[in-house]
Structures are given as structure tokens and as C-alpha cells.
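The values are calculated or read from the model by the stated rules, or taken from the named source; none is laboratory data. Quantities reported herein were computed from a predicted structural model and do not represent experimental measurements. All Cβ positions, even for glycine, are placed from backbone atoms using ideal geometry, and neighbour counts span all protein chains on display. Accessible surface areas use protein heavy atoms only, side chains included; no ligands, DNA or RNA. Shrake-Rupley method; radii C 1.70, N 1.55, O 1.52, S 1.80 Å.
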Amino acid sequence: MLEAVKVALDPTPRQERLLESHAGAARFAYNNGLAHVKDVLERGDTPEWSYYALRRWWNQAKNTLAVDETTGETWWPENSKEAYNSGLESLADALRNFSKSRKGRRKGRRMGFPRFKSKDKAVPRFAYTTGSFGLIDCGPHALRLPKIGRVHCMENVSKRVNGAKVLRMSVSKRGGRWQASLTVERADLPIPSPPKGGSVGIDLGVKELATLSDGTVIHNPHALKSNLRRLKKAQRNLSRKRKGSNRRRKAGARVARLYARVANLRSDVLNKTTAMLSHTYADISIEDLNVAGMVGNHRLAQSVQDASFYEFCRQLTYKAARTGARLHVIDRWYPSSKTCSNCGMVKTKLSLSERVYHCEECGLAIDRDVNAAINIQVAGSAPETLNARGGSGRRANASRRATRHPAKREPSGGESHVRLGAGLGNEAMQMTSL
């Protein structure tokens, strides 16, 4: 099982300059490798852009590329070779993603051809994969970085790693702070017994981050919205500064710190909420939301992205696998908000402005989000997610009431079925690596 351990670094001023130099070396190798690939393409030849091909090219050309213009001396030995290799590795990944996307062998949005990295805009980063890097035996609060030395950490990194094997260490600077992310390999642990908190349905929203079927409400901190005024002011201040000046550099650092604060606020509430849910409830039901479609609405796009629904589901998936909780993902077309949790009547229309669900059949008046969470819990707790004919809970009779699944029929074996329970969370319980 692979796991990432991220810690904040506390480098000295000298070490910080060395970290900047290593990040610049990675960017230098990336840009020169990309220029080499473009030059081969312009000549009409077929370039070799695999990672090992780029490394062979770099070893042949580094003595002519990494040269001081005034003294004529080569400066590449000042940094670890791993810094240059990490830049070439990033370039090889970008070129491979571009090639696969162009041929239709890569999911997601279409990837364009890689572009050069700018010193002002690119995130300073590099990585170690070989050599004597990582933990220090006599220093639980420090890491060893070749060519940089012993760098102090803000927490006990040895306790976080807990004897696991360190495979890779990535170093990056975000929001003015250096941090290291260690990829560690742990032995596969047996799946523990599920928590004893029963079942729960979760309805994600913009106003409130999550509403549980038992009435618990997880408040949405609106990380971006609460800091948007300060961000606008800082960005206007940045735009007025002359490019290349120290004042522009300081203004850019302030903008970066504000964005880092937004990311930290969002990450804090997501991690705490998903950890609480996975440690409390044995059966967790959640909807498979069409986040890409929701972002298409320009009135809701910023709020939906600020809530980070995809990250919520991603964290809940792997944390439920760790604690033994069973995760049920409900089909995105299941009308959880339009269905009455008391009698099962399904409304044809329900506007977003209606925050209280009123049922015309049984007279139920309940909070809209709580009603949806109860329906999600019931759908996820169903013994079968598909009926004998491949039907679903969306089937309704003439009175618009949801009917029971048909019984005593032979399964049809079709594939175009509407499912209440998707396989995403169920398969996650069998994961052996993260």
C-alpha cells in the first residue's frame, strides 16, 4: 500500500537559497528538454521523448547548456542530479499525456502540447528518487536532502512514517512555505471490523457542506467566498506593480499566501468531516454527483468548486476502506430531493429556492436536505440495487408513488440499467494501494 506523508519544512536562509536553486535546476532541465523536442519536430524528425531518452540527451548536452556566460564554467554540479532528473520526468509525463490524449487513450479533458515553465508562475518543485535522502536516524524532526543537508521539519516525521519504506520525496513551495511529500510503502493491513454507528445518508450542498440523515449538519466554511474580498484587493495591488521589481515580488507572495489560506481552510474541513464519518458509521451512502455538469452553470460554478464535492468523495472513499466502513454510491439520476421520504411520492419539479419539502400526498413538511439525505440512506441500505428486471426506485405508478421492485422474475442480464448503488465505493473496500 502506497501512502503520502506531507510535512512542512523549516529551512535556514542558506538552505532556502539551495532549495530555490534545485527548483530552478528542475525548471531549467524541463525547458531545455522541451526546446530540444520542439527543435526535432521542426526538423521533421521523430523525437524520442521517453524519460530515459531525455536523460541520455541531458547527460550528453549538460556541459554545453549549464554554463555560466561570464566565466564559462559549468554550474550543474552545484545541484543534485535528482533535481534535473525530476524536471525531465515531468516533461516526459506531460508529453506522454499529450500523446495519449491526442490518440484518444486518455480519459478526461484533452491535453495540449507542453509549454515552457516561467520562473514567476511555475510552482518551485523537485524530487528525489535515488540516493541517501529521507529520514535521519538520530533526528526525528529532520530530513536529509542531498546537496542541501539536514533540514529541520515542523513535526516528528519519523513518527508519521512509522517504519515504512520511503520510495520518493517531492519538495515544493506553496504559499511561501517549503514542504516535503514522502511516498512510503506500507504492508497491506487487514480490513478492520466496521464501526458500530449504523447507517447514514449524506446529501452534499452549497449552503451547508453536508447534511446527514440523522439531522446533523456540517457547516460549509466558504473558504474562497470568505477571503474573496482580500484576494481581489491583493490581486489589484499586484497588477499595479512593475514586472521584475521587488514590490511585485512581495505583492505576489501575499497573493500566494491568501490562496494557501483558502486551500488550507477547505482541506481542514474536508479531512475532519470525512474522518469523522468513516470512523463513526458502518454504512455510508452518498450520491454520485455530476460535478462537471454543475460547474457548467455559471451562477453555481464558483460555489460548487469552493465546496469541492469531488475531493470530499475521494477522501471518503479511501478513508472508508481503511476503517472498514461500507460506502454505497447512489446513482446520480436518483431523485433524492424530489422524493418524499415518508410516502415515496416523486415531484415532477422542485426549484432550488424551495428549502422546505412539502408533500401534497401525506402533508410532510421537512427540510429539503434532510429529506434527500434520508432517501439516500434508504437507497444505499437496500438489499439489492437492481430489481429482477433491471429496474430502479425511480419507477412510479400512475399516482407518482414509488413502487416496489418486481419479484419472482428472471433477470434480464441487460447493461443499460439505472442503478441506485454504484460500484465505486464497494470496489474501494478491496483496494490494496492508495
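Residues that are surrounded by fewer than 23 Cβ atoms within 10 Å (Cβ to Cβ), under 10 Å from Tyr51 (Cα atoms) and among the polar types (S, T, N, Q) within segment 75-102 comprise Asn85, Ser90, listed in sequence order. For the structure I just gave you, tell me whether Lys225 is outside any loop (DSSP other than H, G, I, E, B), out of contact with any strand residue (DSSP E or B) (no Cβ under 9 Å at 6 or more places or on another chain), at pLDDT below 95 and closer than 30 Å to Thr317 by Cα. Criteria met by Lys225.
Considering each of His152, His141 in turn, give the residue that is in a strand (DSSP E or B), of a type outside the set (Lys, Arg), open to solvent by 70 Å² or more (accessible area, probe 1.4 Å) and touching a Cys at 6+ places or on another chain (Cβ under 7 Å). Write out each step before concluding.
Numbers: His152 fails: touching a Cys at 6+ places or on another chain (Cβ under 7 Å).
None of the others qualify; the one that does is His141.
In this structure, is Ile376 in a helix (DSSP H, G or I), at pLDDT 90 or above and either in contact with a strand residue (DSSP E or B) (Cβ under 9 Å, 6 or more places away or on another chain) or crowded, with 16+ Cβ neighbours inside 10 Å (or both)? Before the answer, list the steps.
Details: in a helix (DSSP H, G or I): yes; at pLDDT 90 or above: yes; either in contact with a strand residue (DSSP E or B) (Cβ under 9 Å, 6 or more places away or on another chain) or crowded, with 16+ Cβ neighbours inside 10 Å (or both): yes.
When the stated conditions are applied, Ile376 passes them.
Quick one: in segment 321-333, of everything that is under 19 Å from Val378 (Cβ atoms) and either touching a helix residue (DSSP H, G or I) at 6+ places or on another chain (Cβ under 8 Å) or part of a helix (DSSP H, G or I) (or both), which residue is most open to solvent (accessible area, probe 1.4 Å)?
Here the answer is Arg326.
Within segment 197-214, is even one residue without any contact (Cβ under 8 Å) to a residue 40 or more places away in the chain and more than 30 Å from Ser353 (Cβ to Cβ)? Among the residues of segment 197-214, not one is without any contact (Cβ under 8 Å) to a residue 40 or more places away in the chain and more than 30 Å from Ser353 (Cβ to Cβ), which makes the answer no.
Of all residues in segment 314-347 being of a type in the set (D, E, K, R) and closer than 17 Å to Leu270 by Cα, which is modelled with the lowest pLDDT? Before the answer, list the steps.
Taking segment 314-347 first, the residues of a type in the set (D, E, K, R) are 314, 319, 322, 326, 331-332, 338, 347.
Pick out the ones that are also closer than 17 Å to Leu270 by Cα and you get 314, 319, 322.
On the way: Arg314: 93, Lys319: 93, Arg322: 88.
Across segment 314-347, the extreme among qualifying residues is Arg322.
Could you grab me the full set of residues in segment 129-167 that are over 27 Å from the mean Cα position of the chain (by Cα) and basic (Lys, Arg)? Listed by number, the residues that qualify are Arg144, Lys147, Arg150.
When you go through Met294, Met276 one by one, which is the residue that is open to solvent by 40 Å² or more (accessible area, probe 1.4 Å), closer than 15 Å to Gln315 by Cα, of a type outside the set (Phe, Trp, Tyr) and without any contact (Cβ under 8 Å) to a residue 24 or more places away in the chain?
Just a single option satisfies the conditions, and that option is Met276.
In segment 18-55, which residues are among the basic types (Lys, Arg) and exposed (fewer than 12 other Cβ atoms within 10 Å of the Cβ)? Talk me through it step by step, then tell me what you get.
If we filter segment 18-55 for residues that are among the basic types (Lys, Arg), which is where we start, we get 27, 38, 43, 55.
Selection gives Arg43 alone.
Exactly one residue out of Arg266, Arg299, Arg254 is free of Cβ contacts under 8 Å to residues at least 12 places away in the same chain and of a type in the set (D, E, K, R): that is Arg299. So is Gly363 of a type outside the set (A, V, I, L, M), free of Cβ contacts under 8 Å to residues at least 60 places away in the same chain and either open to solvent by 70 Å² or more (accessible area, probe 1.4 Å) or over 17 Å from Asp203 (Cβ atoms) (or both) or not? Yes, satisfied.
Residues that are in contact with a Cys (Cβ under 8 Å, 6 or more places away or on another chain) and open to solvent by 50 Å² or more (accessible area, probe 1.4 Å) occur in segment 334-342; there is at least one.
Among the residues examined, Arg14 does not qualify as among the charged types (D, E, K, R), in a helix (DSSP H, G or I) and open to solvent by less than 60 Å² (accessible area, probe 1.4 Å). Scanning segment 60-70 for residues that are open to solvent by less than 80 Å² (accessible area, probe 1.4 Å) and assigned to a helix (DSSP H, G or I) turns up Ala61, Lys62, Leu65.
Applying a threshold of 8 Å to beta carbon distances and a minimum spacing of six or more residues, or different chains, the list of pairs starting in segment 27-50 at a residue that is free of Cβ contacts under 8 Å to residues at least 12 places away in the same chain and outside any helix (DSSP H, G or I) and ending at one that is open to solvent by less than 40 Å² (accessible area, probe 1.4 Å) and hydroxyl-bearing (Ser, Thr, Tyr) is empty. May I ask you to list the residues in segment 78-130 that are aromatic (Phe, Trp, Tyr) and outside any helix (DSSP H, G or I)? Phe113, Phe116, Phe126, Tyr128, listed by residue number. Residues satisfying the criterion are present in segment 348-356 (criterion: in contact with a strand residue (DSSP E or B) (Cβ under 9 Å, 6 or more places away or on another chain), under 30 Å from Pro221 (Cβ atoms) and modelled with pLDDT of 90 or more). All conditions but one from (1) in contact with a strand residue (DSSP E or B) (Cβ under 6 Å, 6 or more places away or on another chain); (2) outside any strand (DSSP E or B) apply to Asp214; the one that does not is (1).
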